[in-house]
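Q: The following block contains the structure, expressed as structure tokens.
Nothing in this text is a laboratory measurement; each read-out follows from the coordinates by a stated rule. These figures come from a predicted structure and were not determined experimentally. Note: ideal-geometry Cβ built from the backbone for every residue, glycine included; neighbour counts use all protein chains shown.
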Amino acid sequence: MNILKLNLILLCSIFLQACQLNSPVKISVQGHRGDRGNWPENTLKAFKSAIDKGVDVIELDIVINKYDEIIVSHEPYMHSDYVLLPNGQPIHPNLHSNYNIYNMKLDSVQMYDTGSKFYSAFPKQIKIPSYKPGLGEVFEYLKEEFGTSVFQNVAFNIELKSNPKEYGKFQHYPDKMVSVFLTFMKDYPLVKYTLQSFDIQILEYAKAKKPDLTISYLVSKGSFKENLMKLSFLPDIYSPNYKLLTHASEVRNIQEYGLKVIPWTVNDVEDIQYIINLGVDEIISDYPELALSIIKASN
């Protein structure tokens, strides 16, 4: 994206911002991997809990196996930190990448327990036998629990996990992954989708194939302008590690380009309050009830 185009976008966005100065501001909350701080991540119980607590958005991760099944998982393998083998035994940390989900059918994936093992990073998690669901199962489950109105009240921020080093080994190539996901979307037209990824190629293919799809650009390092120059288009959302945001003026600058600023993953009271004060649009948190309570107290 060239500098002239960026400057034109900036000028237009400043005008729009000026027109909206008197509008009330609401900071929305995304439940990270559902309600990861309290329930096993990316599980049906975690998603239900987050919605029960009042989140605006469910954030979740997906991988796609070679059979084109979409599976809700943060890793393309069975991570030893929180997954147990079908026989209930732990997975050795040096071997967990051997359990490659790309080569496994969904029914085999679901034989692994993702909720019973104590997870030291989240000691408050309620431990319950769980599994990695298919994305379709998530939507069907939530529809059964809450009715179709859930898709009006809650949006879904879906990260398509992709790593260029893993193309053809732990995942399809980006064009195929995006095609599988876009085809799946047609089966659930009521869902409000956002597609997010760290992988530029995923975002580029998604934008080219479905220009109206809301795109969130995940970043873990670098400045806003450095990262934006890597894309050929302007995304809808800029989603950085919250530690990259240091000044309110920086957040305003990003918003002046017409982007929402949605940092991840903000879990401590002090950090949540700090991020709120920066003027972000939404907060992604493993503890959605904490973020919601602090936002309420701040208004």
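Q: For the chain, what does the helix formula give at 222 nm: sum of -39500 (n - 2.57) over DSSP H segments with n ≥ 4, over the residue count, nearest 500 deg cm²/dmol?
A: Helices in the chain give a 222 nm mean residue ellipticity of -10000 deg cm²/dmol.
Q: Where does each of 154-165, 265-276, 113-124 land if you order them by average Cβ count within 10 Å, highest first?
A: With the highest mean Cβ count within 10 Å placed first, the list reads 154-165, 265-276, 113-124.
Q: For LYS296, what charge total do you get from the other residues with a beta carbon under 14 Å from its beta carbon, if Lys and Arg give +1 and Asp and Glu give -1?
A: 0
Q: With a sphere of radius 12 Å drawn around the Cβ of GLN125, what net charge do the other residues whose Cβ falls strictly inside it have (Lys, Arg +1; Asp, Glu -1)?
A: Overall, the nearby charge balance is +2.
Q: Sort 82-89, 190-197 by packing, meaning the average of other beta carbons within 10 Å per residue, with the highest value first.
A: 190-197, 82-89
Q: Could you sort the peptides 234-241, 203-210 by per-residue average Cβ neighbour count (10 Å cutoff), highest mean leading?
A: Descending mean neighbour count gives 234-241, 203-210.
Q: Next up: Could you tally the net charge around VAL72, taking each other residue with its Cβ under 12 Å from the Cβ of VAL72, Lys/Arg +1 and Asp/Glu -1?
A: With Lys, Arg at +1 and Asp, Glu at -1, the neighbours total -4.
Q: Which FRET efficiency value, to the nearest 0.05, do you get for ASN253 and SER116 by plugging their Cβ-Cβ distance into 1/(1 + (r/R0)^6) with R0 = 41 Å?
A: According to the calculation, E is roughly 0.35.
Q: Same structure, new question: Could you pull out every residue, at least 5 positions away or on a different chain, whose amide H is within less than 5 Å of the one on VAL219? Hs are placed 1.01 Å off N in the peptide plane, and Pro or chain starts have none.
A: SER239, ASN241
Q: Helix 288-298 versus the longest principal axis of the chain: what angle, 0 to 90°, nearest 10, using Cα atoms?
A: On a 0 to 90 degree scale, this one is about 20.
Q: Oh, and also: Using a 10 angstrom cutoff on alpha carbons, build the Gaussian network for the chain and name the most mobile of PRO211, PRO263, PRO40.
A: Of PRO211, PRO263, PRO40, the most mobile in the Gaussian network model is PRO211.
Q: While we're here: Efficiency by 1/(1 + (r/R0)^6): what FRET value for SER97 and GLU270, r their Cβ-Cβ distance, R0 = 22 Å, to the nearest 0.05?
A: Rounded to the nearest 0.05, the efficiency is 0.05.
Q: Another question about this same structure. Using the C-alpha gyration tensor of the chain, what are the square roots of 5 times its eigenvalues, in whole angstrom, with the largest one first?
A: Value: 31, 23, 18 Å, ordered largest first.
Q: Going by how many other beta carbons lie within 10 Å of each one, how would you line up LYS186, LYS132, LYS26, LYS176, fewest first?
A: Ordered by Cβ neighbours within 10 Å, fewest first: LYS186, LYS26, LYS176, LYS132.
Q: Just to check I understand the Karplus step: with θ = phi - 60° and J = 6.51 cos²θ - 1.76 cosθ + 1.60, what whole-Hz values come out for segment 172-189, glycine and proline as x?
A: Coupling constants for segment 172-189: 5, 6, x, 4, 5, 4, 5, 4, 4, 5, 5, 5, 4, 3, 5, 6, 10, x Hz.
Q: Report, to the nearest 10°, how far helix 135-146 tilts away from the longest principal axis of the Cα atoms in the chain, using its own Cα long axis and a range of 0 to 90°.
A: So the inclination is approximately 80 degrees.
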